[in-house]
Amino acid sequence: MSALTGRIRRLAVAVAAVIVLAAGAYLVLSRSLSGTGTEPERAVARPDPPCSVHIGTGEDGASVGLSVEDARRATTAVALEAAGGKGPDTSGIDPAVLERLREGPPEDAGPSLTCRAATTEGLESEEFSASGLTPRAEAVLTAVTDTFGEQSVGGFQPGGLTSGHGTDSAHYLGAAVDVFFRPVSEENRRQGWLLAHWLVAHAEQFHLANIIFDDRIWSISDSQGGWARYQPPSIGVDPDNEILRHVDHVHVDVQLGEKGDP
C-alpha cells in the first residue's frame, strides 16, 4: 500500500469519526429539547401545596399537602357530616386527612390544618349595617350557618358594640363574630376546631384576617407561620380566663380594607 493510499484511509477514518460525534451531539441536543431522551427530565421546582394537614403524632409527625380547593372540600365535608348532612365529594383526598379533621389529634384537641393565604388587595372599608356587622362579616356568619347549622354566636349587636372587648377590637367595628362552644370540654373543643379549620381553608374567599381559638391564633398576615400561641393583651389579670384565651369560642374577624378618597 502506497503512502498516499494510507493517508487517504486515515483521512477517511477521521472524517467518519467527526460525523459520528456530530450525529451523537445532535441526538443528545434534540432529546434534551424535546424531553424524549432516555435520561429522566429534570423536575421543575414547584412551591409546596398551600395547605397541609398534620396527620402524625407530636410536632414531628407527617403532614399531607392539599390544594386550597381540596382543603375547602375536606373541611366542608367533615363539617356537614358532623351536622348529619352530606358533604361534597372527597375522592382523591387522603382518607387520613379526613380522619384527622374529623377526630382531631389523638392525644389532645388542637390545630391540624393550616393554609398559606394572602390579604385581598384593593379591598374597601365597610361600615356596619343594622345588624351591627359589616357586609363582609355578615357573609361569614351566613356561610358558617349554612355549613354548620345554627350556632351560638355573639360579639356584635344592632347599633354596634362599645364595650366588653379589648382596646381596638374588631368587634367595635362590626368586623368580628364569636361562635361559642360552651361549656369547655374535649368534645366542644374538637367541634370548635372543625369550624376553625374550615375558616382557615376559606380565609381568602371570605377576606378573613384572624381566627383565634383554644389559645391559638391564625393570621392571614402571618399565615406562613401557621397556628401560633395566642397571648391575650390582658391575660395577666386572669391567666385562667377562658373567654380571654378564646377557649370557649372561636373568634373570626374580617379584613378592614382601606378607606377610599373622599
Identify the single condition in (1) in contact (Cβ under 8 Å) with a residue 24 or more places away in the chain; (2) in contact with a Leu (Cβ under 7 Å, 6 or more places away or on another chain) that A143 does not satisfy, given that it satisfies every other one.
(2)
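Every residue, every condition in (1) assigned to a loop (DSSP other than H, G, I, E, B); (2) of a type in the set (D, E, K, R), yes or no:
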residue: P111; (1), (2): yes, no
residue: T119; (1), (2): yes, no
residue: S129; (1), (2): yes, no
residue: R136; (1), (2): no, yes
residue: V144; (1), (2): no, no
residue: Q151; (1), (2): yes, no
Would region 100-120 turn up any residue that is in contact with a Gly (Cβ under 6 Å, 6 or more places away or on another chain) and surrounded by 11 or more Cβ atoms within 10 Å (Cβ to Cβ)?
yes
In region 93-109, what residues are modelled with pLDDT of 95 or more and either acidic (D, E) or part of a loop (DSSP other than H, G, I, E, B) (or both)?
I93, D94, E99
Test F156 against the stated conditions and say whether it is surrounded by 16 or more Cβ atoms within 10 Å (Cβ to Cβ), without any contact (Cβ under 8 Å) to a residue 40 or more places away in the chain and within 18 Å of H246 (Cβ to Cβ).
yes
Give me a count of the residues in region 58-88 that are of a type in the set (K, R) and modelled with pLDDT under 95.
1
Pick out the one residue from D214, D253, D248, D178 that is in contact (Cβ under 8 Å) with a residue 40 or more places away in the chain, buried (at least 19 other Cβ atoms within 10 Å of the Cβ), closer than 20 Å to R102 by Cβ and of a type in the set (D, E).
D214
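The values are calculated or read from the model by the stated rules, or taken from the named source; none is laboratory data. The shown structure was predicted, so the numbers you read here are calculated from the model rather than taken from an experiment. Heads up, the Cβs are rebuilt from the backbone with ideal geometry, glycines too, and the neighbour counts pull from every protein chain shown.
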